[in-house]
Amino acid sequence: MCSVAKQWHIYSNQRSMPMSELTHKIQQGVIEAARALYGAELLPQQAVIQPTRKDFEGDYTAVVFPLMRLARKQPEAIGEEIGQWLCTHLEEVERYNVVKGFLNLVIADSYWNQFVRTQVDATDFGRFPASGQKIMVEYASPNTNKPLHLGHIRNILLGWSISQILEAAGHEVIKTQIVNDRGIAICRSMVAWKRWGNGTTPEQMGKKGDHFVGDFYVLFSKKFEEEYAAWQQTEVAERVFAERHQEGQSKAAFFKAFKNQYFNEFSPLGAEAREMLRKWEAGDEETLRLWRMMNNWVLEGFEETYRKLGVSFDKTYLESDTYLLGKEIIEEGLAKGIFHKDGKRIWIDLSNIGLGEKTIIKSDGTSTYTSQDLGTARMRYEEFGFHRLIYVVGDEQISHFQGLFEILRRLDEPYANGLYHLAYGMVDLPSGRMKSREGTVVDADDLIEEVVEEARQHAAERGEIAELPAEQQEDIVRKIGMAALKFFIIKVNPRKRMTFDPAESVDMQGQTGPYVQNAYVRIRSVLRKAADYEAKHAADYETLQPGERELVKLLYQYPEVVATAAREYDPSHVANYAYNLARAFHKFYHDYPILKAESEAARAFRLELSRMVARVLEQAMHLLGIEMPERM
RNA sequence: GGCUCCGUAGCUUAAUUGGAUAGAGCACCUGACUACGGAUCAGGAGGUUGGAGGUUCGAGUCCUCCCGGAGUCACCA
């Protein structure tokens, strides 16, 4: 029996699919067998190796259909011959069977046993050696005019967990957010506070800063609506309607569509907000002071929510600092003839990727989203020298990023090919899309409070932790509630639009975070009771039971799962893996006695196996930003 | 209308990237501890993978055409 690799290796085939050492060995074996038996040269992708399906005997399966032509034989015969060859040449392969064109290989118990014993304490299991790659992940871009909501939560959880996963995959990760702290929106809140705020502060009102400011934003909208409704009764409005409405357009429809123009042309409140913005841009001291104060309130509120979510950033960019960037890069683009100029307006022709003309500098000479992003990308590169930059941003901005990346490629920026937009789908409610106007936006802080409260009630009913100090209980309940929320969001493939059912998100049974935590808690409980066992007896355990094999194989797959999640920027792989591992453990726990196992060897092996399951569960959940309680 | 994404059980979803009889959870029905924690386990029922063709040993997955939904097509961010 060859020894289990001391250090974990993940191999890649030509399509860079992550592959465990065992899979790789078997694949090489199949290729060599084909050469020896048939004189055929197989490409790696022609030698497909996969875990054996549950209903068949075996651990790994080689698909031999692709060999039919080369060998000029029936698939069953090929399976037999290759199986025979592998059995004699690979020590790990104990026996085989052939079903149709599938060659099922059984790995020796001693291999699995040794795997558990050598990896149970290996701190690098599921963590990869340093790649030397630096990856920047941008994953939150809130506006400072209102509090965070459910959409931000998905964004933040995805960004955080993909960062954790990339780190586990050996990359150096720089987590960053960009805060949109300027523009007309924040000016609206400022106007409202100035007019109706009476100099109050969040502290005085006992309110979180972001909610406090958000309320003024809402107040502005309300007052503006009132103003607009009143204006519609005036003669001026009558005249505007008469002059500008389209044929057959009703009055109601016209005024509904006219709102923005009213804001810009007629509204006193609108004028005030625009004047505020003008002063801000002119650097008016008083305006800046108000702006700074209100933004700080909001940012403090955000920080608190981030803390509750358990996320942080290495670097925060403020748009007020970055919105004028890009001058230099635009000059270069003009000099290279990539950009064109009409008066003050600067644009680029992106019709080659189906985007038409894209404005980079407006005809009044001011910047655009695109110019800011161009400048910011370069600044970040100069600051950090990243190899990759991943933008975790909603899928409604797909074409913006296509355009941005294309421009940077044409400018020949050295990092242009390392840019990636991780476009996640919007979060819908069972009632449909979240709409702030209809008050259906799910507030982040409320949601967090709700899931924790739900966990608190469950815990109270169960009574398991009732005798613990209140502080510990609260910590446990928080971990459980957050696990429910986070797991619920992360288990879905990021690019899919998801429906968020609040009732389901606080579920703690079935495919949920608390279910996974429960497996961990059970193991901890068993281990507490078995403090005295001797691990070395595990080596004497010769024949693995089916439930044990199932667990070991899942454990063995873990590094592959991490590698796949990192390659695809998809944390849902890790979530689903953690669930599967927890499920296999719950079943194992139910089917086999651990502490009262039939022999000293069985007891030791099962304890070691359980210990490793706990470690891997904890690690996997950690990658998702979910903490494990010791009891629950 | 152009481009992009999506469509899997009543609901929420998975499928090792072209592999075996499409897996789970919720909800519903039925069972299982005087056992190491029942936030558990086992069983039942529930599917023409939106539809029709095609490619091949083999298709939820690839190609074509339809149907349905979403996003985007700004001198907004």
* Exactly one condition in (1) under 25 Å from A:Ser312 (Cβ atoms); (2) in contact with a Gly (Cβ under 7 Å, 6 or more places away or on another chain); (3) crowded, with 23+ Cβ neighbours inside 10 Å is not met by A:Leu105; state its number. => (1)
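Every residue, every condition in (1) part of a helix (DSSP H, G or I); (2) in contact (Cβ under 8 Å) with a residue 40 or more places away in the chain; (3) of a type in the set (Ser, Thr, Tyr), yes or no:
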{"position": "A:Val562", "(1), (2), (3)": "yes, yes, no"}
{"position": "A:His573", "(1), (2), (3)": "yes, no, no"}
{"position": "A:Asn576", "(1), (2), (3)": "yes, yes, no"}
{"position": "A:Ala582", "(1), (2), (3)": "yes, yes, no"}
{"position": "A:Phe585", "(1), (2), (3)": "yes, yes, no"}
{"position": "A:Pro593", "(1), (2), (3)": "no, no, no"}
{"position": "A:Glu598", "(1), (2), (3)": "no, no, no"}
{"position": "A:Arg603", "(1), (2), (3)": "yes, yes, no"}
{"position": "A:Leu607", "(1), (2), (3)": "yes, yes, no"}
* **The one condition in (1) near RNA strand B (Cβ under 7 Å from one of its atoms); (2) open to solvent by less than 50 Å² (accessible area, probe 1.4 Å) that A:Glu464 fails to fulfil** => (2)
* Asked: Within region A:429-454, how many residues turn out to be surrounded by fewer than 16 Cβ atoms within 10 Å (Cβ to Cβ) and outside any loop (DSSP other than H, G, I, E, B)?
  -> 5
* Exactly one of (1) part of a helix (DSSP H, G or I); (2) open to solvent by less than 50 Å² (accessible area, probe 1.4 Å) is unmet by A:Ile348. Its number? -> (1)
* Structure fact -> Reported set for region A:467-484 where residues are touching a residue at least 40 places away in the same chain (Cβ under 8 Å) and open to solvent by less than 20 Å² (accessible area, probe 1.4 Å) is A:Ile476, A:Ile480, A:Met482, A:Ala483
* **Count of residues meeting criterion [near RNA strand B (Cβ under 8 Å from one of its atoms) and either not in a strand (DSSP E or B) or not polar (S, T, N, Q) (or both)] in region A:50-63** => 8
* Among all residue pairs at least 6 apart or on different chains, which show Cβ distances below 6 Å where the first residue, located in region A:498-513, is under 21 Å from A:Leu623 (Cα atoms) and the second is assigned to a loop (DSSP other than H, G, I, E, B) and more than 8 Å from RNA strand B (Cβ to nearest atom)? -> A:Gly513/A:Ile626
* Taking the residues in region A:295-316 that are open to solvent by less than 10 Å² (accessible area, probe 1.4 Å) and aromatic (Phe, Trp, Tyr) as candidates, determine which candidate is nearest to the chain's Cα centre (by Cα). => A:Tyr306
* Taking region A:376-392 as the region of interest, how many residues are under 22 Å from A:Ser161 (Cβ atoms) and open to solvent by 10 Å² or more (accessible area, probe 1.4 Å)? -> 3
* How many of the residues making up region A:592-629 are surrounded by fewer than 20 Cβ atoms within 10 Å (Cβ to Cβ) and more than 35 Å from the chain's Cα centre (by Cα)? -> 9
* Identify, please: which residue in region A:348-377 is small (Gly, Ala, Ser) and in contact (Cβ under 8 Å) with a residue 24 or more places away in the chain and is, among those, farthest from RNA strand B (Cβ to nearest atom)? -> A:Ala377
* Mind listing whichever residues of region A:68-80 are surrounded by fewer than 21 Cβ atoms within 10 Å (Cβ to Cβ) and assigned to a helix (DSSP H, G or I)? => A:Met68, A:Arg69, A:Leu70, A:Ala71, A:Pro75, A:Glu76, A:Ala77, A:Glu80
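The values are calculated or read from the model by the stated rules, or taken from the named source; none is laboratory data. Everything numeric here is computed off the predicted structure, so don't read it as measured data. Cβ atoms come from the backbone with ideal geometry, glycine included; neighbour counts cover every protein chain shown. For accessibility, only protein heavy atoms count, side chains too; no ligands or nucleic acids. Shrake-Rupley method; radii C 1.70, N 1.55, O 1.52, S 1.80 Å.
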